[in-house]
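The structure under discussion appears below in the form of structure tokens.
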Amino acid sequence: MKDWKITLAAARVNAGLTQTEAAEKIGVSQITISNWETGKTSPKMSIVPTIAALYKIPVHDLLFVQK
């Protein structure tokens with residue numbers, strides 16, 4: 001069976017958070033969240049565990065899509 005990965009946007013939505021709510025809890029701007037989700041930028045590796053904890057998902061299940 002293949003391991004499934006989910007995008008950052010899907011993880012946020014599954015956690016029941018808007019971009020604005022997630023941004024406030026992580027300590028970044030809503031634009032930063034949007035940029036991460038669209039692949040314009042990526043979060044620093046040091047903040048990824050914070051994102052995973054907020055979204056209640058293991059770090060290895062997150063997929064950061066680069067365009």
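The values are calculated or read from the model by the stated rules, or taken from the named source; none is laboratory data. Worth saying up front: this structure is predicted, and the values here are computed from it rather than measured. Reconstructed Cβ throughout: ideal geometry from the backbone, glycine too, with neighbour counts over all protein chains shown. The protein model used for the area step is the full one, side chains on, heavy atoms only, and it has no ligands, DNA or RNA in it. Shrake-Rupley method; radii C 1.70, N 1.55, O 1.52, S 1.80 Å.
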Net charge contributed by nearby residues that have their C-beta within less than 15 Å of Lys56 (K/R +1, D/E -1): 0
Accessible carbon and sulfur surface of segment 11-67 relative to its total accessible area, %, 1.4 Å: 57
